[in-house]
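The values are calculated or read from the model by the stated rules, or taken from the named source; none is laboratory data. This one's a predicted model, so the numbers in the text were calculated from it and none came from an experiment. With ideal geometry, Cβ positions are generated from the backbone for all residues, glycine too; neighbour counts draw on all protein chains shown.
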Amino acid sequence: MHADCNKELAMSEAMAVRAGRYIQQPTGYRAFIPVPLPPDPFLIFDTEMMSLLSSADRAIGRLDAATELLPNPDLFVAMYVRKEAVLSSQIEGTQASLDDLLEYEAKQVRRGKTVDVNEIVNYVEAMNYGLVRLESMPMSIRLMKEIHAKLLCGNVRGCEREPGELRRSQNWIGPDGCTLANATFVPPPPHEVLPALGALEQYMHEDTHTPPLIACGLAHAQFETIHPFLDGNGRMGRLLITFLLCWKGTLKRPLLYLSAFLKKNRSEYYDRLQAVRDHGDWEGWMKFFLRGVQEVSREAAETAREIQRLREGHRQLIMDEIQGTATGFILLDYLFMRPVVNVNQVMEVIQKSYTMANNLVARFERLGILNETTGNKRNRIYSYDPYIALMR
C-alpha cells in the first residue's frame, strides 16, 4: 500500500511539471519555463480522446468535400478569412464588426472605427501573406516574425511594440492594472524566449508520427505559453493553427478557424491553457481543442452548402429577370468575394459604362439581391445582405 501511494505521488508530480516549471527570477517574480514538446509522459488516448479525434478528422473531411462543391471555393475562402479576422480580433478587445470591415473595403469607414478596422485588415493581410509564404518555405521562427510584422504594422494598437521582433523585456497576462507580482501568468523571461521558440520550431518540423490535429493543438498551446512577442500573441497563435494545418496538408484550403469557438468559450479557453501550465493537463486542453475543431468544421461545411443554395437561387433569378445574363453572373460572383460595393466598383468589374453598371445594380436591388445601405442620393453603397447573413 505504501509503495502504491509513493508511485501515485511520483506520477502526480511528474504530470504537474510535464509542461514546465515556475522559476523564481532575480528580481523576485516567478516565470514559467516550458519544457519542449511533446509532453512527457505523452498524451493519454482514452476513449473520449480517440472519439473526439476521429470526429474532428471526419468533420474536416466533410468540410473539404462541401467546399469542393462550390463553383469557386477561393471566393468562399476570401470571405471566411475576413470572418476569422473579425472574431480573432474581437477576442483581443477590438470592437469593429464584419460589417465595418466590408464597409471599409467599399471605401466607407465609420467615424471612430478606423483603428479597429485597421487591425482586422492587418489580420487578413497577415493570413494571406503567411499562406503564400508557406508555398515556398516551411513554418519557422523567421516566418512567424514576418507575419507578426504584418499583423502590427501601421495605425493599430501595439504598432509601437516592436512588430516582427521577439520580445526583449518581460510580459505578463492578467486583468487590467495587474503587475508582475499579481499576474495570472508570467511567460518565460526574455533570454528564454528564443530557445523555447526554437524547440517549438524543431518539434513542428520533426514530429511526423503524432496526428496533425494533435500536433497542431500542442503547438498552439506551447506558443501561447511562450508568448514570444510584446503584443499580438493571441492572434498569432490562432493564425498558427491554420498555417500548420495547411502546411501539413490536413486542410486543402484555409477554412478551419477556431476563433468563433474560442470567443464563445473564452473563459474555458484560458482556463484550459492555464491548467496545462499549472497541472500538466494536456489531455483537458486537447479535448477542448478537438471539440472546437469538430464544431467549427461542421458549421463551416453547412455554411458552404447554404452558400451553394443561395448562389443557385440567385443565378436562376438573374436568368429569369435580367437581360444580359452574363453580366449579371459576373457581378453575382464578385459579390461572393466583395459583398459590399458601390457603382464605380461594379463598373470596373463588369467593364461596362457607369450607366449600365448603375442600371444593373438597380435591377439587383429590385430583385432583393442587393440592399442600399446609406440612404444617400450620391455615393451610395449596396450590400449583399443574404450572403453576409450566412457569414455572421
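Within the range 202-214, the set of residues being more than 15 Å from residue 140 (Cα to Cα), assigned to a helix (DSSP H, G or I) and out of contact with any helix residue (DSSP H, G or I) (no Cβ under 6 Å at 6 or more places or on another chain) comprises 212, 214. If the condition is being over 19 Å from residue 220 (Cα atoms) and in contact (Cβ under 8 Å) with a residue 40 or more places away in the chain, then the range 129-162 contributes 152, 155, 156, 157, 158, 161, 162. In summary, helices (runs of 4 or more DSSP H) completely within the range 234-322 and bearing 3 or more residues that are without any contact (Cβ under 8 Å) to a residue 60 or more places away in the chain occur at 266-279, 282-321.
Would you check if there is a residue in the range 45-60 being closer than 15 Å to residue 214 by Cα and outside any helix (DSSP H, G or I)? Within the range 45-60 (the criterion being closer than 15 Å to residue 214 by Cα and outside any helix (DSSP H, G or I)), the answer is yes, since at least one residue qualifies. Against the criterion of being touching a Gly at 6+ places or on another chain (Cβ under 7 Å) and either surrounded by 15 or more Cβ atoms within 10 Å (Cβ to Cβ) or over 26 Å from residue 124 (Cα atoms) (or both), residue 347 does not qualify.
Taking the conditions exactly as written (over 21 Å from the mean Cα position of the chain (by Cα) and β-branched (Val, Ile, Thr)), does residue 44 satisfy them or not? Don't jump to the end; show me each part of the working.
Numbers: over 21 Å from the mean Cα position of the chain (by Cα): yes; β-branched (Val, Ile, Thr): yes.
Yes: the conditions hold for residue 44.
Given the criteria in a helix (DSSP H, G or I), without any contact (Cβ under 8 Å) to a residue 40 or more places away in the chain, surrounded by 17 or more Cβ atoms within 10 Å (Cβ to Cβ) and not assigned by TED's automatic domain parsing to the domain that holds residue 64, does residue 356 qualify? Criteria not met by residue 356. Determine, yes or no, whether residue 163 is assigned by TED's automatic domain parsing to the domain that holds residue 211, closer than 23 Å to residue 297 by Cβ and not in a helix (DSSP H, G or I). No, not satisfied.
The number of residues in the range 325-353 being touching a residue at least 24 places away in the same chain (Cβ under 8 Å) and either over 23 Å from residue 101 (Cβ atoms) or of a type in the set (Gly, Ala, Ser) (or both) comes to 3.
Given the structure, is residue 141 crowded, with 17+ Cβ neighbours inside 10 Å and not polar (S, T, N, Q)? Here the answer is no, as residue 141 does not meet what is asked. Can you find a residue that is assigned by TED's automatic domain parsing to the domain that holds residue 184 and acidic (Asp, Glu) anywhere in the range 282-294? Within the range 282-294, one or more residues are assigned by TED's automatic domain parsing to the domain that holds residue 184 and acidic (Asp, Glu). For the range 47-65, the candidate set comprises residues that are aliphatic (A, V, I, L, M) and in contact with a helix residue (DSSP H, G or I) (Cβ under 7 Å, 6 or more places away or on another chain); within that set, the residue that is modelled with the lowest pLDDT is 63.
Confirm whether residue 218 is surrounded by 15 or more Cβ atoms within 10 Å (Cβ to Cβ), part of a helix (DSSP H, G or I) and either in the same structural domain as residue 243 (by TED's automatic domain parsing) or of a type outside the set (Gly, Ala, Ser) (or both). Walk me through it before giving the result.
Working: surrounded by 15 or more Cβ atoms within 10 Å (Cβ to Cβ): yes; part of a helix (DSSP H, G or I): yes; either in the same structural domain as residue 243 (by TED's automatic domain parsing) or of a type outside the set (Gly, Ala, Ser) (or both): yes.
In short, yes.
Just one residue in the set 63, 37, 53 is outside the structural domain of residue 151 (by TED's automatic domain parsing), of a type outside the set (Lys, Arg), under 23 Å from the mean Cα position of the chain (by Cα) and surrounded by 18 or more Cβ atoms within 10 Å (Cβ to Cβ); that residue is 37.
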